[in-house]
1. Give me the number: length gained by fully extending A:Trp3 to A:Glu351, i.e. 0.36 nm times residue separation minus the C-alpha to C-alpha distance, one decimal in nm.
2. So how tilted is helix A:189-205 from the main axis of chain A? Cα-based, degrees 0 to 90, rounded to 10.
3. Between rounded, prolate and oblate, where does the range A:392-444 land on the alpha carbon gyration tensor, with a ≥ b ≥ c its root eigenvalues, rounded for a/c under 1.5, else prolate if a/b exceeds b/c?
4. At 7 Å along the Cα-to-beta-carbon direction for both A:Asp398 and A:Asp224, put a label point, then send me their distance in nm to one decimal.
5. Apply the a/c threshold of 1.5 to the C-alpha gyration tensor of the range A:1-71 and tell me whether it is rounded, prolate or oblate.
6. Enumerate the lysines that A:Lys497 could reach by cross-link, defined here as Cα to Cα under 29 Å, with residues fewer than 8 away along the same chain left out.
7. Order the peptides A:361-371, A:84-94, A:137-147 from the highest to the lowest mean number of other Cβ atoms within 10 Å of their residues.
8. Within straight cross-link reach of A:Lys418, meaning Cα distance under 12 Å, which aspartates and glutamates are found once same-chain residues fewer than 8 apart are removed?
Amino acid sequence: MIWYKRIAAELLAPLVDKTPDEVEAQLVRPPQAEMGDLGFPCFTLAKTLKKSPPAIASDLVGKMSFPDNGVFTSARAVGPYVNFVLNSAYLAEKTAGVAIANPDAWGRSNEGDGRTVIVEYSSPNIAKPLGVHHIRSTMLGAALARVYEARGWKVVPMNYLGDWGMTFGQLMVAYKANEKESPNQAVDVHSLLKLYLQYHADAEEDENLADEARHWFKLLEDGDPEALRLWRIFRDESIVALKKLYARMNVHFPEDAFKGEAFYLDKMDATIERLREKCLLKESEGAQVVDLEKFDMPPCLILKKDGATIYATRDLASAEYRHAHYRFDKALYVVANQQELHFRQVFKVLELMGYGWARNCEHVKFGMLAFGPGVFGDKQATMATRKGRVIFLEEVLDRAVEKARELIEENARSEEVKANAGKLAEQVGVGAVIFSEFCQRRMKDVAFTWEKALNLHGDSGPYLQYTHARLSSMLRIYGKSLPARPRWELMTHPVAKSLFMKLSEYHDALRMSEAENEPSFLATYLLELAAEFNRLYTDKENHRFISDDVDLTAARMGMVEALRLTLAHGLGILGLAAPEAM
RNA sequence: GCGCCCGUAGCUCAGUUGGAUAGAGCGCCGGUUUCCUAAACCGGAGGUCGUGAGUUCGAAUCUCGCCGGGUGUACCA
């Protein structure tokens, strides 16, 4: 919560016979700065006090006094509201002052108290390149991991790769078919995709291939050396490509985070045994299930009628494994909406198994990505790899970088920027793509369009980066170190005060992002912060940052540095670079 | 049928633990650069907040019904 809200609440509470918590919950920000900085609505008091809200507001104002140099300078009744006016200098010191005095602590909190959170995210099916849609889980999860980290949690990232299944049998069939002609096929994600497409094309004509694929998958399951060898190659090459792409997006999984389906294969027997011991398994239509009728859900399938396991079985085993190894206090599954029922079932079964920690498991779901009009035809289109309706993430990144590069070459005003054009284009282009993921609440379905993905203007990643570059540039021009005690009281521009208020909300934006698992809150906050600064910055008739007034300039530079720190920190959490010049 | 999600400006979305005249970006129209970055900024046009009721001093926000769209509904994940 925001500290000055608390102080106002404590001031008012005894006067209105309520607890500070109750009062705090009611405080609002007035719609216009001229009305005041923090408002308390008096409507609810009207009944008990038998007076009109405006009269109550006036009475309350009369009962309060404000010391010099305190948090608030005054309060006044504006209609039915008691509106507090913040002491601008005090506010500045508590926000910008705190930020520049200890930059490393800005944006950090120990509210997580060292608790452990597992964040499962990205989790692609391997053996083909990442598609654009993978950006959702990947960026959401990576940002959440960083939010939790900044909030004082110990974060364990997990990438639950789809690295097992019939697909590998199919790939082996295609690989073997090619082996006669080219014995030493090079394998990478793109050739794997070709094998996948080749198999499905061939299987259309030759119905024996399906049996062959099943055969190869069976060999793999039985530990056949050749099948295992191929599987390892396919998997290793996939991970190499993944890591390369992740690195471009500032996503870094530690080596032991890549625990895919294959990792849990040998752990499922024990899970099934525990289910049996607890008498949760029951036969139904030849399969083994956990009945969830009492909870208004279809049964959770554990063993298919052919005795094979299924994804619920693996998710149960992985949850058990993770709790045993990491003793997590919270486990986040950043997985698409569609799997809502699946996770509800799995969490319920964990609960029925007697695991109290089941309620600390949370499905962080998100809406689906489809292709908007103009991408594949003039209507919305869903993904379909086999029909060629895919866009690879790498291509999106490359096109964005190319577009950024063109813009840089048009605009570059210094040799330094020109010399750095390559690196900068990468930061800006990739930043634009990443940021587009945070432009809406995660539950919204997204229609991919090139226009949106490549947006370098307006509410976008590059807008924030540009603002950061402006701030950095100003500090370079100023060229002096910042004062230990800036004279904040010299800054009287009304926008400056509202910027300090905005800065005071930064920790709250992070707190809310954590509480709701919603990084878009942070993105929205950063856009508002940057917009407010740009408004002040471009008000050149009334405001210049660097002037002959040494003290005033120093104070302004203090604010500039605080803004820069906030943008840099926030961009970092979202996974964007914060260039010093562009 | 039932579950979950979404419905706010022409388009894409903020605003949702109820508060003062509903905001931004894109697009459209018109402006701002001898000046610390015009990837920016300012102004204008543009809204029955899907819809009907209810709760409340007060509803885009809460409750219920309805409409539209998405998605899921045991042997794929």
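1. Numbers: separation 348, 0.36 × 348 = 125.28 nm, distance 3.88 nm.
Stretched fully, the A:Trp3-A:Glu351 segment lengthens by 121.4 nm.
2. Helix A:189-205 and the main axis of chain A meet at about 50 degrees.
3. Working: a/c = 3.26, a/b = 2.17, b/c = 1.51.
In terms of gyration-tensor shape, prolate.
4. So the two model labels end up 3.6 nm from each other.
5. On the way: a/c = 1.42, a/b = 1.34, b/c = 1.06.
Rounded, since a/c falls under 1.5.
6. Hits, sequence-local ones excluded: A:Lys5, A:Lys63, A:Lys94, A:Lys480, A:Lys540.
7. A:137-147, A:84-94, A:361-371
8. Candidates past the 8-residue exclusion: A:Glu406, A:Glu409, A:Glu410.
The numbers here are math on the coordinates, done by the rules we state, and not lab data. These numbers were taken from a predicted model, which means no experiment stands behind them. FYI the Cβ positions are ideal-geometry reconstructions off the backbone, even for glycines, and counts take in every protein chain you see.
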